[in-house]
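Here is the structure we will look at, set down as structure tokens.
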Amino acid sequence: MSSPNKSIKMSEEEIDKALQKAEKEAEKKDHKKIWVEKMVKSAKTYYKVCPYFDKKTSKCFLSLNNKCNRDGKYENCPVFMDFLDTKYQEFTSKKKILPLDFLDLAQSV
Ligand code: SF4
């Protein structure tokens with residue numbers, strides 16, 4: 001008699017856990033999105049052209065010197081976004097405080 005109820009309760013708990021996990025993931029994503037947007041906005045105050053664009057050779061310093069096919073337009077550039085993503089993961093995994101200014105980020109190793 002108790003087993004069907006128990007199994008229902010278990011699945012409710014599982015659903016709750018899954019929901020909580022999904023909410024946490026969403027919070028993390030939001031946090032990352034907000035930070036990434038802040039970094040792009042900050043970078044734009046310093047750089048008209050991508051700081052990783054070599055004007056002489058048109059190469060990208062972030063993608064192992066592959067050619068940049070965007071003329072240094074880094075807003076929405078997947079390579080630049082990946083860079084910010086990786087930096088976010090690095091800082092949060094080491095529980096370090098995320099920089100609020102792009103120059104601080106660019107200088108961090
Ligand atoms: S590919 Fe993106 S990150 Fe690389 S130089 Fe061009 S704009 Fe910058």
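The values are calculated or read from the model by the stated rules, or taken from the named source; none is laboratory data. What you see is a predicted model; the values in this text were computed from it and never measured. Cβ placement follows ideal geometry from the backbone for every residue including glycine, while neighbour counts extend to all protein chains displayed.
A few points about this structure:
- Listed by position, the helices (runs of 4 or more DSSP H) enclosed by the chain that each have at least 3 residues that are small (Gly, Ala, Ser) and at pLDDT below 90 are 2-46.
- A single entry from PHE91, PHE53, PHE80 fulfils the requirement of being more than 10 Å from the ligand (Cβ to nearest atom) and among the hydrophobic types (A, V, I, L, M, F, W, C): PHE91.
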